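> Quick one: this structure, given as structure tokens, is what I'll be asking you about.
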Amino acid sequence: MKLYLATGNENKKREMKQILETPDSSITIVIPKDEGIAFDPEETGTTFHENSLIKAKALWNIVHCPVIADDSGICVDALGGAPGVYSSRYAGPQFMKGKASGEKIPQQDQNRMLIEQLNDAVSKGIDIEKGKAAGLYKNGPRSAHYTCSMVFYFGYDKFVIAEETMEGTILERVEDQRGTGGFGYDPLFFLPSYGKTAAELTADEKNKISHRGKATRIITGILKNVEKL
């Protein structure tokens, strides 16, 4: 089965190929630019699942074939879940939803500003107990999680959504970032149970525990029965 992935992000394509293109699978992952398809829908949603559905439906309307789309980002508890859906556009505390010009800043600058903004929030004091009552701060005052909302769109108004997380913390210092794997905020996202940042995980380790890996496995179970839906 040829499965379109609604993204232009080669890193996402690589991770999805690692998860789905297994020896016992007939799935082939294709992104729009592989076939010369212009694809850059405006992500106007305020939640991960809204944005993933926007992308999935937009690509399905072009190819009329099964499509997977995801929207993901990093959510910091002490920052009220920010930057969240604006993770790729985040440009510091003054531009939480991105610059009005649409200009995106280098990932290294995003990482530095996120650490600095969290440090400032922690120094001013946060109500951890109140947060825990809401299911937050699972790893202390620097708790954060990645969220991935994934849509499998397989026909007009026929789709399913799976949303998962990967829990961890944000490092205290920019200098402590480490790892060359992964992408995005992975070098500053620390996993206490592994003693590593997400960027230090092997591909197999990351796909086993990541937000995207877990959401994909849920979707895979549905893919196997898609003809029955």
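> Considering only ILE68, ILE105, ILE115, give the residue with the highest GNM mean-square fluctuation for the chain, with springs between Cα atoms whenever their separation is below 10 Å.
So, out of ILE68, ILE105, ILE115, the one fluctuating most is ILE105.
> Now, a different point. Could you check the spin-label model distance between THR44 and LYS132? Points 7 Å from the Cα along Cα→Cβ, value in nm.
Going from the THR44 label point to the LYS132 one covers 4.3 nm.
> Taking amide H atoms as placed 1.01 Å from N in the peptide plane, list the residues 5 or more away in sequence, or in a different chain, whose amide H sits under 5 Å from that of LEU5.
When sequence neighbours closer than 5 places are left aside, the close amide H contacts are VAL30, ILE31, ILE68.
> Ignoring ligands, DNA and RNA, please state the percent of accessible area on the stretch 146-197 from carbon and sulfur, probe 1.4 Å.
Working: 1110 of 2300 Å².
Carbon and sulfur atoms account for 48 percent of the accessible area of the stretch 146-197.
> Can you give the relative contact order of the stretch 85-183 as a percent, counting alpha carbon pairs under 8 Å and 6+ residues apart?
Dividing the mean separation by the residue count of the stretch 85-183 yields 19 percent.
> How large is the dipole of the chain about the Cα centre if only Lys and Arg carry +1 and Asp and Glu carry -1, each at its Cβ, rounded to the nearest 20 debye?
Dipole about the Cα centre, nearest 20: 240 debye.
> Which of the listed residues, ILE219, PRO192, ILE170, is farthest toward the dipole's positive end in the stretch 137-228, when Lys, Arg count +1 and Asp, Glu count -1 at the beta-carbon?
ILE219
> In degrees from 0 to 90, rounded to the nearest 10, what is the angle of the helix 107-124 Cα long axis to the longest principal axis of the chain?
Tilt relative to the chain: about 40 degrees.
> With an 8 Å Cα cut-off and a minimum separation of 6 or more residues, compute the relative contact order for the chain in percent.
Relative contact order for the chain comes out at 17 percent.
> Something else about it: Over the heavy atoms of TYR156, what accessible area does a 1.4 Å probe trace out, to the nearest 10 Å²?
Rounded to the nearest 10, that gives 150 Å².
> In this model, which of LYS12/LYS208; LYS13/LYS224; LYS158/LYS224; LYS132/LYS196; LYS13/LYS206 are farther than 18 Å apart at the alpha-carbon?
Going by Cα-Cα distance, LYS13/LYS224; LYS132/LYS196 fall outside the 18 Å limit.
> Divide the volume of the convex hull of the Cα atoms of the stretch 1-52 by its number of residues and quote the answer in cubic angstrom per residue.
It comes to 88 Å³ per residue, whole-number rounded.
> Measure off 7 Å from each Cα along the Cα-to-Cβ vector at ASP176 and LYS17, then give the distance between these two points in nanometres to one decimal.
3.5
> Which value, in debye to the nearest 20, gives the size of the charge dipole of the stretch 98-229 about its Cα centre, when Lys and Arg are +1 and Asp and Glu are -1 at the Cβ?
Using only the charged Cβ atoms, the result is roughly 360 debye.
> Rolling a 1.4 angstrom probe over the protein heavy atoms, how many square angstrom per residue are accessible across the chain? Before the final figure, lay out each step's value.
Working: 11290 Å² over 229 residues.
With the other protein chains kept in place, the chain gives 49 Å² per residue.
> When the C-alpha atoms of the chain are aligned to their principal axes, what extent does each axis show, in angstrom, from largest down?
Ordered largest first, the chain gives principal extents of 53, 39, 34 Å.
> Let me ask something else about it. Based on the Cβ-Cβ distance from VAL160 to VAL63, what FRET efficiency comes out when R0 is 25 Å, to the nearest 0.05?
Efficiency, from the Cβ-Cβ distance: 0.85.
> Quick one: order TYR185, TYR86 from most to least accessible surface, probe 1.4 Å.
Descending accessible area places them as TYR86, TYR185.
> Also: Can you classify the stretch 50-138 as rounded, prolate or oblate using the Cα gyration tensor, where a ≥ b ≥ c are the square roots of its eigenvalues, rounded means a/c under 1.5, and otherwise it's prolate if a/b beats b/c and oblate if not?
Taking the square roots of the gyration eigenvalues as a ≥ b ≥ c, the stretch 50-138 is oblate.
The values are calculated or read from the model by the stated rules, or taken from the named source; none is laboratory data. Just so it is clear, the structure is predicted and the values come from calculations on it, not from any experiment. Note: ideal-geometry Cβ built from the backbone for every residue, glycine included; neighbour counts use all protein chains shown. Just the protein is used for accessible areas: all its heavy atoms, side chains included, with ligands, DNA and RNA removed. Shrake-Rupley method; radii C 1.70, N 1.55, O 1.52, S 1.80 Å.
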